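Participant: Before I ask anything, let me first share the structure, which is written out below as structure tokens.
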Amino acid sequence: MRSLILEALPADPRLLVFLLAFVIIYAAVVAWQWRPARRPRQERMSLLPLDND
């Protein structure tokens, strides 16, 4: 099992770092979107008119 995991990893360590950073950033963006704390404020803001007369 360990050999399968090691064979699946990219040989270039920079690529591995890039892929790991991509996964971490993607997870952070998903967590940011699912935060319930600002959702009521966003709903109130969506009801406001868009023009600034």
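The values are calculated or read from the model by the stated rules, or taken from the named source; none is laboratory data. The model shown is predicted, which means the values in this text are computed figures rather than measured ones. Methodologically, a virtual Cβ is constructed for each residue, glycine included, from the backbone with ideal geometry; neighbour enumeration extends over all protein chains shown.
Yes or no, residue by residue, for (1) within 24 Å of the chain's Cα centre (by Cα); (2) loosely packed, with under 10 Cβ neighbours inside 10 Å; (3) modelled with pLDDT of 75 or more:
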position: Ile5; (1), (2), (3): no, yes, no
position: Arg14; (1), (2), (3): yes, yes, yes
position: Ala21; (1), (2), (3): yes, no, yes
position: Trp32; (1), (2), (3): yes, yes, yes
position: Pro36; (1), (2), (3): yes, yes, no
position: Pro40; (1), (2), (3): yes, yes, no
position: Arg44; (1), (2), (3): no, yes, yes
position: Leu47; (1), (2), (3): no, yes, yes
position: Asp51; (1), (2), (3): no, yes, no
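Participant: State yes or no: is Pro10 modelled with pLDDT under 75, over 17 Å from the mean Cα position of the chain (by Cα) and surrounded by 10 or more Cβ atoms within 10 Å (Cβ to Cβ)? Can you show your working first?
Facilitator: Details: modelled with pLDDT under 75: yes; over 17 Å from the mean Cα position of the chain (by Cα): yes; surrounded by 10 or more Cβ atoms within 10 Å (Cβ to Cβ): yes.
Yes, satisfied.
Participant: Also, I was wondering about something else. What are the pairs, 6+ residues apart or on separate chains, where a residue within region 1-25 that is at negative phi has its Cβ under 6 Å from a residue that is in a loop (DSSP other than H, G, I, E, B) and modelled with pLDDT under 90?
Facilitator: Leu16/Pro10
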